[in-house]
Amino acid sequence: MKAQVKQLDGAVSREITLPAVFNEEYRPDLIRKAVTSQQSERRQPHGTHPYAGIRSSAVGWGSGRGMSHVPRLKNGSRAAKVPQAKGGREAHPPKTEKILVRYINKKEKAKALRSAISATTNEDLVKERGHRFEGGIPVIFEDRFEELKKTAEVINALSSAGVYADVERSKASRKVRAGRGKMRGRRYKQRKSLLIVTAGQPLAAARNLAGVDVITVDHLNTELLAPGSQAGRLTVWTESALKALTRLEVR
């Protein structure tokens, strides 16, 4: 598969052959499994206190009173400690020992990553995610793109490549979340935009762009390439990052 390498002004510099990883078959089932596994590792175990709901001196009255044998408070007749009583323990409370991580085999995880990388060149999948772009994909910049220091320079380069409209789409999608979540550190919701993959340091000048994620090729994962397990994220590569992808072919 051939692709064009672009200069910072949008002009075509040369044509290169993409690594074999871009020919990987599309496996949405493995991508979903890998993303779910990665998300499950961020879950925090939680549970009740071991003595929650049973901090009382309630004891049963025994037989001969014509009443049930539930533990009762000593200064009255109200039941305590049992789930069906006011202030009693929960019947089946959350437990910290519950296994929250969803495991995935190493070979499945590697194949899901290769499949997600390959899906970034499928225009139908990229458009299905709602991304906006002009021209062909993937978008590949020469290595000078990694040396940009100012956000304005990155915007000019993305505009010349025809993908900055997707950043504006993400910026316009920002809205206040409905419900209690707005008070728990996740007040806003916003669409995902570009994923910028470099070979050296992450492109710091692009971190302030709406919905944009920057990552090095060594830290690439399936969730970044397929947010919400939906593959086909609009991705911007540098030429050196593509050369570093060759090691994925032998996994």
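For the structure I just gave you, tell me whether Phe145 is within 19 Å of Asn208 (Cβ to Cβ), of a type outside the set (Asp, Glu) and in contact (Cβ under 8 Å) with a residue 40 or more places away in the chain.
So Phe145 fits the description; yes.
Only one residue in Lys95, Lys74, Lys81 is assigned to a loop (DSSP other than H, G, I, E, B) and touching a strand residue (DSSP E or B) at 6+ places or on another chain (Cβ under 8 Å), so which one is that?
Selected residue: Lys74, the only one of Lys95, Lys74, Lys81 that is assigned to a loop (DSSP other than H, G, I, E, B) and touching a strand residue (DSSP E or B) at 6+ places or on another chain (Cβ under 8 Å).
Cβ-Cβ under 6 Å, sequence separation 6+ or interchain: first residue in segment 84-104 and under 27 Å from Glu41 (Cβ atoms), partner part of a loop (DSSP other than H, G, I, E, B) and of a type in the set (Asp, Glu). Which pairs?
Val101/Glu41
Would it be correct to say that Ser56 is part of a strand (DSSP E or B), touching a residue at least 24 places away in the same chain (Cβ under 8 Å) and over 30 Å from Ser229 (Cα atoms)?
no
Just to be sure before I move on: is Thr246 closer than 29 Å to Asn23 by Cα, in contact (Cβ under 8 Å) with a residue 60 or more places away in the chain, buried (at least 20 other Cβ atoms within 10 Å of the Cβ) and of a type in the set (Val, Ile, Thr) in the structure I sent?
No; evaluated as a whole, the condition is false for this residue.
Can you tell me which residue among Ala206, Ala178, Ala165 is within 19 Å of Ala241 (Cβ to Cβ) and either of a type in the set (A, V, I, L, M) or buried (at least 18 other Cβ atoms within 10 Å of the Cβ) (or both)?
None of the other options fit; the residue is Ala206.
Quickly run through segment 134-162 and pick out the residues that are more than 19 Å from Arg207 (Cα to Cα) and crowded, with 19+ Cβ neighbours inside 10 Å.
Residues satisfying the conditions are Ile137, Pro138.
Of the residues in segment 98-109, how many are in a helix (DSSP H, G or I) and either surrounded by fewer than 17 Cβ atoms within 10 Å (Cβ to Cβ) or touching a Leu at 6+ places or on another chain (Cβ under 6 Å) (or both)?
Qualifying residue count, segment 98-109: 3.
With the condition kept exactly as written, say whether any residue in segment 221-237 is surrounded by fewer than 15 Cβ atoms within 10 Å (Cβ to Cβ) and basic (Lys, Arg).
Taking every residue of segment 221-237 in turn, none turns out to be surrounded by fewer than 15 Cβ atoms within 10 Å (Cβ to Cβ) and basic (Lys, Arg).
Collect the residues in segment 27-55 that are at negative phi and either surrounded by 15 or more Cβ atoms within 10 Å (Cβ to Cβ) or touching a His at 6+ places or on another chain (Cβ under 8 Å) (or both), keeping them in residue-number order.
Arg27, Pro28, Leu30, Ile31, Arg32, Lys33, Ala34, Val35, Ser37, Gln38, Ile54, listed by residue number.
Quick one: Lys2 ticks every box in (1) of a type in the set (Lys, Arg); (2) in contact with a Lys or Arg (Cβ under 9 Å, 6 or more places away or on another chain); (3) within 15 Å of Pro138 (Cβ to Cβ) except a single one, so which number is it?
For Lys2, the failing item is (2).
In segment 1-16, which residues are touching a residue at least 24 places away in the same chain (Cβ under 8 Å), assigned to a strand (DSSP E or B) and of a type in the set (D, E, K, R)?
Across segment 1-16, the qualifying residue is only Lys6.
Restricting the search to segment 4-36, which residues are within 21 Å of Glu147 (Cβ to Cβ) and of a type in the set (Gly, Ala, Ser)?
Selection gives Gly10, Ala11, Ser13.
Report, by residue number, each residue of segment 112-128 that is buried (at least 19 other Cβ atoms within 10 Å of the Cβ) and not aliphatic (A, V, I, L, M).
Across segment 112-128, the qualifying residues are Arg114, Ser115, Ser118, Thr120.
Count, please, the residues in segment 66-93 that happen to be among the polar types (S, T, N, Q) and closer than 13 Å to Ala52 by Cα.
Number of matching residues: 0.
A short reminder: the numbers here are calculations on the coordinates, not readings from a lab. The shown structure was predicted, so the numbers you read here are calculated from the model rather than taken from an experiment. Cβ sites come from the backbone with ideal geometry, for glycine too, and all protein chains shown count toward neighbours.
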